[in-house]
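Visitor: Starting off with a structure, shown below.
The values are calculated or read from the model by the stated rules, or taken from the named source; none is laboratory data. If you're wondering where the values come from, they're calculated on a predicted model, not measured in any experiment. Reconstructed Cβ throughout: ideal geometry from the backbone, glycine too, with neighbour counts over all protein chains shown.
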Amino acid sequence: MAELKVSAIKEGTVIDHIPAGKGLKVIQILRLDRVNGGILLLAANVPSQKLGRKDIVKIEGKYLSEEEVNKIALIAPTATVNIIRDYAVTEKFNVEIPGEIVGILKCGNPNCVSNHEYTAPKFYVISKEPLKVRCHYCERTMEEEEILSNL
Amino acid sequence: MEWKNRDVISIRDFSREDIDFVLETAGRLERELAEKGALRYAEGKILATLFFEPSTRTRLSFESAMHRLGGSVIGFASAASTSVRKGESLRDTIKTVEQYSDVIVLRHPKEGAARLAAEVAEIPVINAGDGSNQHPTQTLLDLYTIKRVFGSIDGLKIGLLGDLKYGRTVHSLSEALAFYDVELYLISPEMLKMPKHIVEELREKGVRIHETSNLESVIGELDVLYATRIQRERFPDEQEYLKVKGSYVVDCRLLEKAKETLKVMHPLPRVDEIHPEVDGTKHALYFRQVFSGVPVRMALLGLTLGVL
(Lines give C-alpha, C1' and ligand atoms only; values in the text may rest on other atoms or scores of the structure.)
Protein backbone atom coordinates (compact mmCIF):
# COMPACT_ATOMS: atom_id res chain seq x y z
CA MET A 1 0.00 0.00 0.00
CA ALA A 2 1.57 3.22 -1.17
CA GLU A 3 -0.27 5.25 1.47
CA LEU A 4 1.71 3.62 4.23
CA LYS A 5 4.90 5.33 3.12
CA VAL A 6 3.60 8.40 4.93
CA SER A 7 2.14 7.81 8.34
CA ALA A 8 -1.59 7.23 8.73
CA ILE A 9 -3.53 9.97 10.46
CA LYS A 10 -5.92 9.53 13.36
CA GLU A 11 -8.33 12.38 12.71
CA GLY A 12 -8.56 14.54 9.61
CA THR A 13 -8.84 14.55 5.84
CA VAL A 14 -7.00 12.65 3.12
CA ILE A 15 -7.16 13.98 -0.42
CA ASP A 16 -6.20 11.13 -2.71
CA HIS A 17 -5.82 10.73 -6.47
CA ILE A 18 -4.46 14.22 -7.07
CA PRO A 19 -2.72 14.32 -10.48
CA ALA A 20 1.04 14.05 -9.91
CA GLY A 21 2.66 17.44 -9.48
CA LYS A 22 -0.49 19.23 -8.35
CA GLY A 23 -0.22 18.40 -4.63
CA LEU A 24 1.52 21.65 -3.70
CA LYS A 25 -1.00 23.67 -5.65
CA VAL A 26 -3.83 21.88 -3.80
CA ILE A 27 -2.20 22.85 -0.50
CA GLN A 28 -1.94 26.46 -1.64
CA ILE A 29 -5.53 26.69 -2.87
CA LEU A 30 -6.90 25.21 0.35
CA ARG A 31 -4.51 27.41 2.36
CA LEU A 32 -3.26 24.48 4.37
CA ASP A 33 0.29 25.82 4.52
CA ARG A 34 -0.21 28.31 7.32
CA VAL A 35 2.22 28.11 10.20
CA ASN A 36 -0.42 27.66 12.88
CA GLY A 37 -2.38 25.02 10.94
CA GLY A 38 -2.40 21.29 11.76
CA ILE A 39 0.12 18.71 10.61
CA LEU A 40 0.23 18.41 6.86
CA LEU A 41 1.64 15.53 4.85
CA LEU A 42 2.30 15.53 1.14
CA ALA A 43 3.16 12.40 -0.75
CA ALA A 44 4.24 13.09 -4.31
CA ASN A 45 4.67 10.81 -7.34
CA VAL A 46 3.07 7.83 -5.63
CA PRO A 47 2.42 4.94 -8.05
CA SER A 48 -1.28 4.65 -8.80
CA GLN A 49 -3.25 2.09 -10.78
CA LYS A 50 -5.79 4.72 -11.82
CA LEU A 51 -3.44 7.61 -12.67
CA GLY A 52 0.01 6.10 -13.12
CA ARG A 53 1.46 8.60 -10.65
CA LYS A 54 -0.48 10.63 -8.12
CA ASP A 55 -0.05 13.00 -5.20
CA ILE A 56 -1.73 12.56 -1.81
CA VAL A 57 -2.34 15.26 0.80
CA LYS A 58 -3.15 14.40 4.42
CA ILE A 59 -4.36 16.98 6.88
CA GLU A 60 -4.31 16.09 10.54
CA GLY A 61 -7.04 17.43 12.82
CA LYS A 62 -9.12 19.16 10.17
CA TYR A 63 -12.25 17.99 8.37
CA LEU A 64 -12.66 19.70 5.04
CA SER A 65 -16.20 20.24 3.77
CA GLU A 66 -17.24 19.28 0.24
CA GLU A 67 -17.59 22.96 -0.57
CA GLU A 68 -14.02 23.71 0.48
CA VAL A 69 -12.60 20.77 -1.40
CA ASN A 70 -14.50 21.65 -4.56
CA LYS A 71 -12.13 24.59 -4.95
CA ILE A 72 -9.48 22.15 -6.14
CA ALA A 73 -11.73 20.57 -8.74
CA LEU A 74 -10.22 22.67 -11.51
CA ILE A 75 -6.68 21.35 -11.04
CA ALA A 76 -7.51 17.96 -9.55
CA PRO A 77 -10.80 16.77 -11.01
CA THR A 78 -9.84 13.15 -10.26
CA ALA A 79 -9.31 13.76 -6.52
CA THR A 80 -11.18 11.74 -3.93
CA VAL A 81 -11.62 12.91 -0.38
CA ASN A 82 -11.64 10.70 2.69
CA ILE A 83 -12.68 11.93 6.11
CA ILE A 84 -10.81 9.98 8.79
CA ARG A 85 -12.06 9.47 12.33
CA ASP A 86 -10.08 7.24 14.69
CA TYR A 87 -7.95 5.89 11.79
CA ALA A 88 -11.04 4.80 9.84
CA VAL A 89 -12.61 6.33 6.74
CA THR A 90 -16.04 7.58 7.85
CA GLU A 91 -16.94 9.60 4.75
CA LYS A 92 -15.77 9.55 1.16
CA PHE A 93 -16.60 11.87 -1.71
CA ASN A 94 -15.38 12.96 -5.13
CA VAL A 95 -14.64 16.57 -5.90
CA GLU A 96 -17.08 18.36 -8.14
CA ILE A 97 -16.61 21.52 -10.16
CA PRO A 98 -18.64 24.23 -8.39
CA GLY A 99 -21.07 26.58 -10.16
CA GLU A 100 -18.99 29.62 -9.22
CA ILE A 101 -15.24 29.94 -8.83
CA VAL A 102 -14.13 32.78 -6.58
CA GLY A 103 -10.64 33.96 -5.74
CA ILE A 104 -8.51 31.10 -7.06
CA LEU A 105 -8.50 31.69 -10.80
CA LYS A 106 -7.11 34.76 -12.56
CA CYS A 107 -8.85 36.14 -15.64
CA GLY A 108 -6.85 35.49 -18.81
CA ASN A 109 -7.94 38.77 -20.35
CA PRO A 110 -5.13 41.26 -19.59
CA ASN A 111 -7.59 44.13 -20.02
CA CYS A 112 -10.08 42.75 -17.47
CA VAL A 113 -10.63 45.09 -14.54
CA SER A 114 -10.09 42.19 -12.12
CA ASN A 115 -6.41 42.18 -13.11
CA HIS A 116 -6.01 45.86 -12.24
CA GLU A 117 -8.22 46.69 -9.26
CA TYR A 118 -8.56 45.20 -5.79
CA THR A 119 -11.23 42.52 -6.15
CA ALA A 120 -11.68 38.76 -5.94
CA PRO A 121 -11.83 37.35 -9.48
CA LYS A 122 -15.08 35.46 -9.99
CA PHE A 123 -16.21 33.06 -12.72
CA TYR A 124 -19.39 31.24 -13.63
CA VAL A 125 -19.03 27.68 -14.86
CA ILE A 126 -21.03 27.49 -18.10
CA SER A 127 -19.93 23.99 -19.05
CA LYS A 128 -18.21 21.29 -17.02
CA GLU A 129 -17.46 18.94 -19.91
CA PRO A 130 -15.61 20.44 -21.72
CA LEU A 131 -14.73 22.93 -19.02
CA LYS A 132 -15.70 26.51 -19.84
CA VAL A 133 -16.12 29.50 -17.52
CA ARG A 134 -17.27 33.08 -17.97
CA CYS A 135 -15.63 35.97 -16.12
CA HIS A 136 -18.08 37.84 -13.89
CA TYR A 137 -16.38 41.13 -14.76
CA CYS A 138 -15.25 41.16 -18.40
CA GLU A 139 -17.72 38.40 -19.50
CA ARG A 140 -15.05 36.73 -21.61
CA THR A 141 -15.03 32.94 -21.61
CA MET A 142 -12.03 30.71 -20.90
CA GLU A 143 -11.63 27.07 -21.83
CA GLU A 144 -9.62 24.36 -20.13
CA GLU A 145 -6.12 25.18 -21.37
CA GLU A 146 -6.42 28.87 -20.56
CA ILE A 147 -7.99 28.10 -17.18
CA LEU A 148 -5.14 25.84 -16.15
CA SER A 149 -2.52 28.40 -17.12
CA ASN A 150 -4.26 31.05 -14.99
CA LEU A 151 -4.65 29.04 -11.78
CA MET B 1 -38.43 43.57 -11.65
CA GLU B 2 -37.66 46.41 -9.27
CA TRP B 3 -36.03 49.20 -11.27
CA LYS B 4 -35.17 51.64 -8.51
CA ASN B 5 -31.47 51.35 -7.70
CA ARG B 6 -30.91 48.74 -10.39
CA ASP B 7 -27.58 48.82 -12.25
CA VAL B 8 -27.45 48.70 -16.05
CA ILE B 9 -24.25 46.82 -16.83
CA SER B 10 -24.79 44.19 -19.51
CA ILE B 11 -27.50 43.04 -21.89
CA ARG B 12 -26.97 39.63 -20.29
CA ASP B 13 -28.72 40.93 -17.17
CA PHE B 14 -31.88 41.77 -19.15
CA SER B 15 -34.93 39.71 -20.02
CA ARG B 16 -37.18 40.46 -22.98
CA GLU B 17 -39.72 41.94 -20.56
CA ASP B 18 -37.06 44.29 -19.15
CA ILE B 19 -36.09 45.45 -22.63
CA ASP B 20 -39.69 45.98 -23.71
CA PHE B 21 -40.39 47.92 -20.51
CA VAL B 22 -37.45 50.28 -21.12
CA LEU B 23 -38.56 50.82 -24.74
CA GLU B 24 -42.16 51.54 -23.68
CA THR B 25 -40.98 53.97 -21.00
CA ALA B 26 -38.74 55.72 -23.53
CA GLY B 27 -41.71 56.05 -25.90
CA ARG B 28 -43.85 57.55 -23.16
CA LEU B 29 -41.13 60.04 -22.20
CA GLU B 30 -40.54 61.02 -25.83
CA ARG B 31 -44.25 61.86 -26.22
CA GLU B 32 -44.40 63.71 -22.89
CA LEU B 33 -41.33 65.73 -23.75
CA ALA B 34 -42.79 66.69 -27.13
CA GLU B 35 -46.00 67.86 -25.41
CA LYS B 36 -44.54 69.68 -22.42
CA GLY B 37 -41.13 70.81 -23.67
CA ALA B 38 -39.44 70.02 -20.37
CA LEU B 39 -39.99 67.45 -17.63
CA ARG B 40 -39.31 67.63 -13.90
CA TYR B 41 -39.10 63.98 -12.83
CA ALA B 42 -35.47 64.19 -11.76
CA GLU B 43 -35.60 67.62 -10.14
CA GLY B 44 -33.06 67.80 -7.32
CA LYS B 45 -31.21 64.71 -8.56
CA ILE B 46 -27.61 64.74 -9.75
CA LEU B 47 -26.05 62.56 -12.44
CA ALA B 48 -22.28 62.01 -12.41
CA THR B 49 -20.81 61.20 -15.84
CA LEU B 50 -17.37 59.61 -15.47
CA PHE B 51 -15.79 59.28 -18.90
CA PHE B 52 -12.32 57.79 -18.73
CA GLU B 53 -12.40 57.47 -22.53
CA PRO B 54 -13.49 59.84 -25.26
CA SER B 55 -17.10 59.95 -26.44
CA THR B 56 -19.31 62.41 -28.27
CA ARG B 57 -22.79 60.94 -28.46
CA THR B 58 -22.97 58.78 -25.37
CA ARG B 59 -21.82 61.41 -22.89
CA LEU B 60 -23.73 64.32 -24.42
CA SER B 61 -26.94 62.33 -24.78
CA PHE B 62 -26.80 61.16 -21.15
CA GLU B 63 -26.24 64.75 -20.04
CA SER B 64 -29.00 65.98 -22.31
CA ALA B 65 -31.33 63.25 -21.01
CA MET B 66 -30.70 64.24 -17.38
CA HIS B 67 -31.30 67.93 -18.14
CA ARG B 68 -34.50 67.05 -20.03
CA LEU B 69 -35.69 65.23 -16.90
CA GLY B 70 -35.08 68.37 -14.84
CA GLY B 71 -31.98 67.04 -13.05
CA SER B 72 -28.43 68.29 -13.07
CA VAL B 73 -25.07 66.86 -14.10
CA ILE B 74 -21.52 66.79 -12.79
CA GLY B 75 -18.58 64.83 -14.17
CA PHE B 76 -15.52 64.70 -16.33
CA ALA B 77 -14.87 63.91 -19.98
CA SER B 78 -11.30 62.68 -19.58
CA ALA B 79 -9.37 61.16 -16.71
CA ALA B 80 -6.46 63.54 -17.32
CA SER B 81 -7.79 66.27 -15.02
CA THR B 82 -8.70 63.97 -12.11
CA SER B 83 -6.98 62.19 -9.23
CA VAL B 84 -6.77 59.10 -11.43
CA ARG B 85 -3.62 60.79 -12.74
CA LYS B 86 -2.25 60.56 -9.19
CA GLY B 87 -2.91 56.83 -9.20
CA GLU B 88 -6.32 56.72 -7.54
CA SER B 89 -8.12 53.42 -8.02
CA LEU B 90 -11.48 53.14 -9.78
CA ARG B 91 -12.88 51.80 -6.52
CA ASP B 92 -11.93 54.96 -4.60
CA THR B 93 -13.07 57.23 -7.43
CA ILE B 94 -16.52 55.60 -7.33
CA LYS B 95 -16.72 55.70 -3.50
CA THR B 96 -15.97 59.43 -3.72
CA VAL B 97 -18.29 60.34 -6.57
CA GLU B 98 -21.27 58.56 -5.04
CA GLN B 99 -21.15 61.03 -2.15
CA TYR B 100 -21.84 63.80 -4.66
CA SER B 101 -24.49 62.22 -6.87
CA ASP B 102 -27.59 60.00 -7.19
CA VAL B 103 -26.64 57.98 -10.28
CA ILE B 104 -23.35 57.29 -12.06
CA VAL B 105 -22.74 56.80 -15.79
CA LEU B 106 -19.34 55.25 -16.45
CA ARG B 107 -17.22 54.70 -19.55
CA HIS B 108 -13.91 53.00 -18.87
CA PRO B 109 -11.21 51.33 -20.98
CA LYS B 110 -11.07 48.18 -18.82
CA GLU B 111 -13.57 45.38 -19.45
CA GLY B 112 -15.67 44.75 -16.35
CA ALA B 113 -15.09 48.25 -14.91
CA ALA B 114 -18.81 49.01 -14.74
CA ARG B 115 -19.57 45.71 -12.96
CA LEU B 116 -16.92 46.49 -10.38
CA ALA B 117 -18.17 50.05 -9.96
CA ALA B 118 -21.71 48.75 -9.41
CA GLU B 119 -20.47 46.44 -6.66
CA VAL B 120 -18.66 49.28 -4.93
CA ALA B 121 -21.40 51.92 -5.23
CA GLU B 122 -24.63 52.07 -3.25
CA ILE B 123 -26.22 54.20 -5.97
CA PRO B 124 -27.10 52.87 -9.44
CA VAL B 125 -24.37 52.60 -12.06
CA ILE B 126 -25.06 52.66 -15.79
CA ASN B 127 -22.44 51.23 -18.16
CA ALA B 128 -21.62 53.56 -21.03
CA GLY B 129 -19.00 51.18 -22.47
CA ASP B 130 -16.40 49.01 -20.73
CA GLY B 131 -13.45 48.33 -23.03
CA SER B 132 -14.51 45.96 -25.80
CA ASN B 133 -17.13 44.25 -23.63
CA GLN B 134 -20.58 45.85 -23.40
CA HIS B 135 -22.46 48.99 -24.34
CA PRO B 136 -26.00 48.15 -23.26
CA THR B 137 -27.55 51.61 -23.69
CA GLN B 138 -26.45 51.64 -27.36
CA THR B 139 -28.24 48.33 -27.85
CA LEU B 140 -31.40 49.61 -26.20
CA LEU B 141 -31.46 52.73 -28.36
CA ASP B 142 -30.87 50.59 -31.46
CA LEU B 143 -33.85 48.41 -30.56
CA TYR B 144 -35.93 51.48 -29.78
CA THR B 145 -35.12 52.93 -33.20
CA ILE B 146 -36.05 49.70 -35.00
CA LYS B 147 -39.30 49.40 -33.04
CA ARG B 148 -40.28 53.01 -33.73
CA VAL B 149 -39.77 52.62 -37.46
CA PHE B 150 -41.12 49.10 -38.03
CA GLY B 151 -43.66 48.96 -35.18
CA SER B 152 -42.26 45.61 -34.08
CA ILE B 153 -38.92 43.84 -33.99
CA ASP B 154 -40.43 40.39 -34.53
CA GLY B 155 -40.41 39.09 -38.09
CA LEU B 156 -37.56 41.27 -39.36
CA LYS B 157 -34.53 40.21 -41.41
CA ILE B 158 -31.55 42.04 -39.98
CA GLY B 159 -28.04 42.17 -41.44
CA LEU B 160 -25.05 42.89 -39.22
CA LEU B 161 -22.16 44.15 -41.33
CA GLY B 162 -18.46 44.75 -40.78
CA ASP B 163 -16.28 43.82 -37.84
CA LEU B 164 -18.35 41.15 -36.15
CA LYS B 165 -15.37 39.68 -34.35
CA TYR B 166 -14.31 42.56 -32.12
CA GLY B 167 -17.26 44.94 -32.26
CA ARG B 168 -18.95 45.17 -28.85
CA THR B 169 -22.02 46.83 -30.37
CA VAL B 170 -22.88 43.90 -32.64
CA HIS B 171 -22.26 41.39 -29.86
CA SER B 172 -24.70 42.94 -27.41
CA LEU B 173 -27.18 43.82 -30.19
CA SER B 174 -27.27 40.22 -31.42
CA GLU B 175 -27.71 38.95 -27.85
CA ALA B 176 -30.68 41.26 -27.43
CA LEU B 177 -32.15 40.40 -30.84
CA ALA B 178 -32.13 36.73 -29.81
CA PHE B 179 -35.11 37.56 -27.57
CA TYR B 180 -37.13 38.36 -30.69
CA ASP B 181 -38.28 36.34 -33.67
CA VAL B 182 -35.70 37.62 -36.16
CA GLU B 183 -33.53 36.25 -38.95
CA LEU B 184 -29.91 37.40 -38.75
CA TYR B 185 -27.51 37.82 -41.67
CA LEU B 186 -23.93 38.01 -40.43
CA ILE B 187 -21.94 39.74 -43.17
CA SER B 188 -18.21 40.11 -42.65
CA PRO B 189 -14.82 39.31 -44.14
CA GLU B 190 -13.63 35.82 -43.23
CA MET B 191 -11.15 37.10 -40.64
CA LEU B 192 -13.70 39.29 -38.84
CA LYS B 193 -16.47 36.71 -38.54
CA MET B 194 -18.71 36.60 -35.48
CA PRO B 195 -17.03 34.41 -32.82
CA LYS B 196 -18.25 30.82 -33.04
CA HIS B 197 -19.44 30.68 -29.44
CA ILE B 198 -21.78 33.65 -30.02
CA VAL B 199 -23.16 32.13 -33.24
CA GLU B 200 -23.80 28.86 -31.39
CA GLU B 201 -25.46 30.68 -28.51
CA LEU B 202 -27.74 32.52 -30.96
CA ARG B 203 -28.67 29.32 -32.78
CA GLU B 204 -29.44 27.62 -29.47
CA LYS B 205 -31.84 30.45 -28.73
CA GLY B 206 -33.65 29.74 -31.98
CA VAL B 207 -32.34 32.57 -34.16
CA ARG B 208 -32.08 31.70 -37.86
CA ILE B 209 -28.59 32.66 -38.99
CA HIS B 210 -26.98 33.13 -42.39
CA GLU B 211 -23.25 33.81 -42.54
CA THR B 212 -21.73 35.33 -45.66
CA SER B 213 -18.93 37.60 -46.79
CA ASN B 214 -20.92 38.86 -49.78
CA LEU B 215 -23.06 41.88 -48.98
CA GLU B 216 -24.46 42.27 -52.50
CA SER B 217 -25.85 38.75 -52.53
CA VAL B 218 -28.06 39.33 -49.48
CA ILE B 219 -28.85 43.06 -49.56
CA GLY B 220 -32.17 42.39 -51.33
CA GLU B 221 -33.41 40.22 -48.45
CA LEU B 222 -32.89 42.66 -45.62
CA ASP B 223 -35.23 44.93 -43.66
CA VAL B 224 -32.37 46.43 -41.64
CA LEU B 225 -28.67 46.70 -42.45
CA TYR B 226 -26.63 47.49 -39.35
CA ALA B 227 -23.18 48.63 -40.47
CA THR B 228 -20.14 48.96 -38.23
CA ARG B 229 -16.68 50.34 -38.67
CA ILE B 230 -13.88 48.05 -39.83
CA GLN B 231 -10.79 48.97 -37.90
CA ARG B 232 -7.61 49.19 -39.93
CA GLU B 233 -5.44 48.02 -37.03
CA ARG B 234 -7.12 44.59 -37.08
CA PHE B 235 -5.46 43.77 -40.39
CA PRO B 236 -1.86 42.60 -40.57
CA ASP B 237 -1.65 43.67 -44.20
CA GLU B 238 -2.71 47.05 -45.62
CA GLN B 239 -3.73 45.54 -48.98
CA GLU B 240 -6.06 43.06 -47.31
CA TYR B 241 -7.65 45.94 -45.43
CA LEU B 242 -8.21 48.00 -48.57
CA LYS B 243 -9.77 45.04 -50.36
CA VAL B 244 -12.18 44.35 -47.52
CA LYS B 245 -12.97 47.98 -46.88
CA GLY B 246 -13.92 48.50 -50.51
CA SER B 247 -16.37 45.61 -50.54
CA TYR B 248 -18.35 46.94 -47.60
CA VAL B 249 -19.15 50.47 -48.61
CA VAL B 250 -22.86 51.17 -48.51
CA ASP B 251 -23.66 53.60 -51.30
CA CYS B 252 -26.61 54.43 -53.58
CA ARG B 253 -25.47 51.97 -56.25
CA LEU B 254 -25.64 49.13 -53.75
CA LEU B 255 -28.95 50.31 -52.36
CA GLU B 256 -30.57 50.02 -55.80
CA LYS B 257 -30.62 46.28 -55.12
CA ALA B 258 -32.28 46.73 -51.73
CA LYS B 259 -35.92 46.71 -50.71
CA GLU B 260 -37.61 50.13 -50.85
CA THR B 261 -38.16 49.90 -47.09
CA LEU B 262 -34.61 48.87 -46.12
CA LYS B 263 -33.19 50.95 -43.27
CA VAL B 264 -29.45 51.45 -42.83
CA MET B 265 -28.21 51.83 -39.27
CA HIS B 266 -24.79 52.59 -37.77
CA PRO B 267 -23.73 53.23 -34.16
CA LEU B 268 -21.41 56.03 -35.40
CA PRO B 269 -18.77 57.33 -35.66
CA ARG B 270 -18.47 56.15 -39.25
CA VAL B 271 -15.38 56.46 -41.38
CA ASP B 272 -16.34 55.45 -44.89
CA GLU B 273 -18.62 52.43 -44.45
CA ILE B 274 -21.62 54.52 -45.46
CA HIS B 275 -21.20 57.02 -48.25
CA PRO B 276 -22.54 60.50 -47.34
CA GLU B 277 -24.77 60.32 -50.45
CA VAL B 278 -26.93 57.85 -48.49
CA ASP B 279 -27.66 60.44 -45.78
CA GLY B 280 -30.42 62.13 -47.72
CA THR B 281 -32.19 58.91 -48.78
CA LYS B 282 -35.15 57.23 -47.10
CA HIS B 283 -32.83 54.38 -46.15
CA ALA B 284 -30.70 56.38 -43.71
CA LEU B 285 -31.62 55.76 -40.10
CA TYR B 286 -28.36 56.50 -38.29
CA PHE B 287 -29.16 60.05 -37.27
CA ARG B 288 -32.51 58.82 -36.04
CA GLN B 289 -30.52 56.46 -33.79
CA VAL B 290 -28.70 59.48 -32.38
CA PHE B 291 -32.07 61.09 -31.63
CA SER B 292 -33.26 57.90 -29.86
CA GLY B 293 -30.32 58.10 -27.46
CA VAL B 294 -32.01 60.81 -25.42
CA PRO B 295 -35.43 59.23 -24.66
CA VAL B 296 -33.88 55.81 -24.02
CA ARG B 297 -31.33 57.27 -21.61
CA MET B 298 -34.06 59.38 -19.99
CA ALA B 299 -35.97 56.15 -19.36
CA LEU B 300 -32.93 54.41 -17.85
CA LEU B 301 -32.02 57.37 -15.63
CA GLY B 302 -35.62 57.86 -14.48
CA LEU B 303 -36.19 54.16 -13.80
CA THR B 304 -32.95 53.56 -11.88
CA LEU B 305 -33.47 56.76 -9.88
CA GLY B 306 -37.01 55.57 -9.11
CA VAL B 307 -38.59 58.89 -10.08
CA LEU B 308 -40.92 57.89 -12.94
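Visitor: Among A:57, A:113, which is assigned by TED's automatic domain parsing to the domain that holds residue A:130, surrounded by 15 or more Cβ atoms within 10 Å (Cβ to Cβ) and among the β-branched types (Val, Ile, Thr)? Please lay out each step first, then the result.
Guide: Values: A:57 fails: assigned by TED's automatic domain parsing to the domain that holds residue A:130.
When all the criteria are applied, what remains is A:113.
Visitor: Go through segment B:89-100 and count every residue that is within 13 Å of another protein chain (Cβ to nearest Cβ) and part of a loop (DSSP other than H, G, I, E, B).
Guide: Within segment B:89-100, the first condition is being within 13 Å of another protein chain (Cβ to nearest Cβ), and the residues that meet it are B:89-95.
Retained after the next criterion (residues that are part of a loop (DSSP other than H, G, I, E, B)): B:89.
Adding up the residues that qualify gives 1.
Visitor: Hey, another quick one. Considering only segment B:268-279, state which residues are within 30 Å of residue B:68 (Cα to Cα) and modelled with pLDDT of 95 or more.
Guide: Initially, segment B:268-279 is screened for residues within 30 Å of residue B:68 (Cα to Cα), giving B:268-270, B:279.
The one that is within 30 Å of residue B:68 (Cα to Cα) and modelled with pLDDT of 95 or more: B:279.
Visitor: Also: Select, from B:301, B:254, B:268, the only residue that is closer than 30 Å to residue B:123 by Cβ and not assigned by TED's automatic domain parsing to the domain that holds residue B:73. If you could, list the steps in order and put the result at the bottom.
Guide: Working: B:301 fails: not assigned by TED's automatic domain parsing to the domain that holds residue B:73; B:254 fails: closer than 30 Å to residue B:123 by Cβ.
That would be B:268, the only listed residue that is closer than 30 Å to residue B:123 by Cβ and not assigned by TED's automatic domain parsing to the domain that holds residue B:73.
Visitor: Also, I was wondering about something else. If you check A:92, A:62, A:132, which single one turns out to be in contact (Cβ under 8 Å) with a residue 24 or more places away in the chain and either surrounded by fewer than 19 Cβ atoms within 10 Å (Cβ to Cβ) or more than 14 Å from chain B (Cβ to nearest Cβ) (or both)?
Guide: Step by step, each of A:92, A:62, A:132 is checked, and only A:62 is in contact (Cβ under 8 Å) with a residue 24 or more places away in the chain and either surrounded by fewer than 19 Cβ atoms within 10 Å (Cβ to Cβ) or more than 14 Å from chain B (Cβ to nearest Cβ) (or both).
Visitor: Outside any helix (DSSP H, G or I) and within 28 Å of residue B:229 (Cβ to Cβ) - does that describe any residue in segment B:63-75? So that I can check it myself, show each step before the final result.
Guide: First pass over segment B:63-75, keeping only residues outside any helix (DSSP H, G or I): B:69-75.
Among the residues that remain, those that are also within 28 Å of residue B:229 (Cβ to Cβ) are: B:75.
Yes, because at least one residue in segment B:63-75 is outside any helix (DSSP H, G or I) and within 28 Å of residue B:229 (Cβ to Cβ).
Visitor: Moving on. So residue B:45 ticks every box in (1) assigned by TED's automatic domain parsing to the domain that holds residue B:110; (2) in contact (Cβ under 8 Å) with a residue 60 or more places away in the chain; (3) surrounded by fewer than 16 Cβ atoms within 10 Å (Cβ to Cβ) but one. Which box is left unticked?
Guide: The single condition residue B:45 does not satisfy is (3).
Visitor: For residue B:304, only one of the following conditions fails: (1) of a type in the set (S, T, N, Q); (2) at pLDDT 95 or above; (3) farther than 24 Å from residue B:34 by Cα. What is its number?
Guide: (3)
Visitor: Check whether at least one residue in segment A:18-25 is modelled with pLDDT of 90 or more, of a type in the set (Lys, Arg) and surrounded by fewer than 18 Cβ atoms within 10 Å (Cβ to Cβ), and report yes or no.
Guide: No, the conditions are met nowhere in segment A:18-25.
Visitor: Looking at B:75, B:70 in this structure, which one is under 18 Å from residue B:29 (Cβ atoms), touching a residue at least 12 places away in the same chain (Cβ under 8 Å) and more than 14 Å from chain A (Cβ to nearest Cβ)? Don't jump to the end; show me each part of the working.
Guide: Numbers: B:75 fails: under 18 Å from residue B:29 (Cβ atoms).
After applying the criteria, what remains is B:70.
Visitor: If you don't mind, another one. Return the residue satisfying two criteria in turn: it lies in segment B:89-106 and is of a type in the set (Ser, Thr, Tyr) and touching an Asp or Glu at 6+ places or on another chain (Cβ under 9 Å), and of such residues it is farthest from residue B:72 (Cα to Cα). Break it down into steps so the answer makes sense when it comes.
Guide: Step one: list which residues in segment B:89-106 are of a type in the set (Ser, Thr, Tyr), which gives B:89, B:93, B:96, B:100-101.
Now drop any that are not touching an Asp or Glu at 6+ places or on another chain (Cβ under 9 Å), which leaves B:89, B:96.
Details: B:89: 26, B:96: 18 Å.
Result: B:89.
Visitor: I'd like to check something: does segment B:206-224 contain any residue that is over 23 Å from residue B:264 (Cα atoms), surrounded by fewer than 14 Cβ atoms within 10 Å (Cβ to Cβ) and assigned by TED's automatic domain parsing to the domain that holds residue B:166?
Guide: First, the residues of segment B:206-224 that are over 23 Å from residue B:264 (Cα atoms): B:206.
When the remaining residues are screened for being surrounded by fewer than 14 Cβ atoms within 10 Å (Cβ to Cβ), the result is B:206.
Checking which are assigned by TED's automatic domain parsing to the domain that holds residue B:166 leaves us with B:206.
Looking through segment B:206-224, at least one residue is over 23 Å from residue B:264 (Cα atoms), surrounded by fewer than 14 Cβ atoms within 10 Å (Cβ to Cβ) and assigned by TED's automatic domain parsing to the domain that holds residue B:166.
Visitor: Give the residues of segment A:135-145 that are more than 9 Å from every other protein chain (Cβ to nearest Cβ) and closer than 22 Å to residue B:134 by Cα, sorted by residue number.
Guide: A:142, A:143, listed by residue number.
Visitor: So if I check each of B:42, B:38, B:80, which one is of a type in the set (A, V, I, L, M) and outside any loop (DSSP other than H, G, I, E, B)? Give the derivation first.
Guide: On the way: B:42 fails: outside any loop (DSSP other than H, G, I, E, B); B:38 fails: outside any loop (DSSP other than H, G, I, E, B).
Exactly one residue qualifies, and that residue is B:80.
Visitor: Let me ask another. Looking at A:68, A:91 in this structure, which one is touching a Phe, Trp or Tyr at 6+ places or on another chain (Cβ under 9 Å) and acidic (Asp, Glu)?
Guide: Numbers: A:68 fails: touching a Phe, Trp or Tyr at 6+ places or on another chain (Cβ under 9 Å).
Just one listed residue meets the conditions, A:91.
Visitor: In segment A:104-127, which residues are β-branched (Val, Ile, Thr), under 17 Å from the mean Cα position of the chain (by Cα) and either facing chain B (nearest Cβ under 10 Å) or not in a loop (DSSP other than H, G, I, E, B) (or both)?
Guide: Keep residues of segment A:104-127 that are β-branched (Val, Ile, Thr), which gives A:104, A:113, A:119, A:125-126.
Pick out the ones that are also under 17 Å from the mean Cα position of the chain (by Cα) and you get A:104, A:125.
Hit for segment A:104-127 is A:125, nothing else.
Visitor: Can you find a residue in segment B:286-297 that is crowded, with 19+ Cβ neighbours inside 10 Å and among the aromatic types (Phe, Trp, Tyr)?
Guide: The answer is yes, given that some residue of segment B:286-297 is crowded, with 19+ Cβ neighbours inside 10 Å and among the aromatic types (Phe, Trp, Tyr).
Visitor: Can you pull out every residue in segment B:114-124 that is in contact with a strand residue (DSSP E or B) (Cβ under 6 Å, 6 or more places away or on another chain), in contact (Cβ under 8 Å) with a residue 60 or more places away in the chain and within 13 Å of another protein chain (Cβ to nearest Cβ)?
Guide: B:114, B:118, listed by residue number.
Visitor: Which of the following residues is in contact with a Phe, Trp or Tyr (Cβ under 6 Å, 6 or more places away or on another chain) and either over 16 Å from residue B:11 (Cα atoms) or of a type outside the set (Phe, Trp, Tyr) (or both): B:85, B:115, B:148?
Guide: Values: B:85 fails: in contact with a Phe, Trp or Tyr (Cβ under 6 Å, 6 or more places away or on another chain); B:148 fails: in contact with a Phe, Trp or Tyr (Cβ under 6 Å, 6 or more places away or on another chain).
Result of the check over B:85, B:115, B:148: B:115.
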